[in-house]
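Derivation of every value follows stated rules applied to the coordinates shown; laboratory data play no part. Remember, it's a predicted structure, so these values are computed and weren't measured experimentally. Ideal geometry is used to build each Cβ from the backbone, glycine not excepted, and the neighbour counts take in all protein chains shown.
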Amino acid sequence: MATRQQSGGLSYGRGIDAETAACAALEADGWTVLGRRLRTKAGEVDAVAEKAGLLAIVEVKARPTLGAAAEALSLRQRARLIAAAGCLLAENPGWGAAGVRFDVLVVDAAGTVRRIADAFRDEG
């Protein structure tokens, strides 16, 4: 039986692999990844990508199925992402000239990646 620390390390590794797959999918679709694992005082953003001036704040969710991954983003995580995006935009005023959206990229156990574009909005 794996210890809690070992299982945490496995989850971390799966998360890194999912982020790598998600960024590769973005790039294959013509997006430029501006940064990965960006830390702000409000929290971490998995990736930030740009295409034709449109900025995507990207959250990657990996679960055994795409459906489970799509359901994994909590309201608290959305609020954290919105706050972190505010920090990133303040630090990078040239980003998002054509707008900003929040995308969730879901990854299943087989490595299949799907994007939920404009997955949620800052209603504040």
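Assorted remarks:
- Within the shell of other residues whose beta carbon sits under 15 angstrom from the beta carbon of Ala109, the net charge comes to +2, with Lys and Arg scored +1 and Asp and Glu -1.
- Long-range amide H partners of Gly35 with built H, under 5 Å: Val48
- If you take all other residues with their beta carbon under 14 Å from the beta carbon of Lys51, and give Lys and Arg +1 and Asp and Glu -1, the sum is -3.
- Projected label points at Ala90 and Glu44, each 7 Å from Cα along the beta carbon direction, are separated by 2.1 nanometres.
- Calculated mean residue ellipticity, 222 nm, the chain: -12500 deg cm²/dmol, from DSSP H runs (n ≥ 4) at -39500 (n - 2.57) each, averaged per residue and rounded to 500.
- Gain upon complete extension [Ala98, Asp118; 0.36 nm per residue less C-alpha separation]: 5.8 nm
- What you get for the chain, charging only the Cβ of Lys and Arg (+1) and of Asp and Glu (-1), is a dipole of about 360 debye around the Cα centre.
- At 1.002 mPa s and 20 °C, Stokes D of the chain from Kirkwood alpha-carbon radius, µm² per second: 144 µm²/s
- Tensor-based shape of the stretch 54-124 (alpha-carbon gyration tensor, a/c under 1.5 rounded, otherwise prolate or oblate): prolate
- Bridge type composition, the chain - antiparallel percent by DSSP, nearest 5: 70 percent
- Rounded to the nearest 10 degrees, the inclination of helix 4-28 to the longest alpha-carbon principal axis of the chain is 40 degrees.
- Peptides 17-28, 35-46, 90-101, 56-67 ranked from most to least packed, by the mean per-residue count of other Cβ atoms within 10 Å: 56-67, 17-28, 35-46, 90-101.
- Applying 0.36 nm per residue to the separation of Ala24 and Ala79 and subtracting their alpha-carbon distance, the gain on full extension is 17.2 nm.
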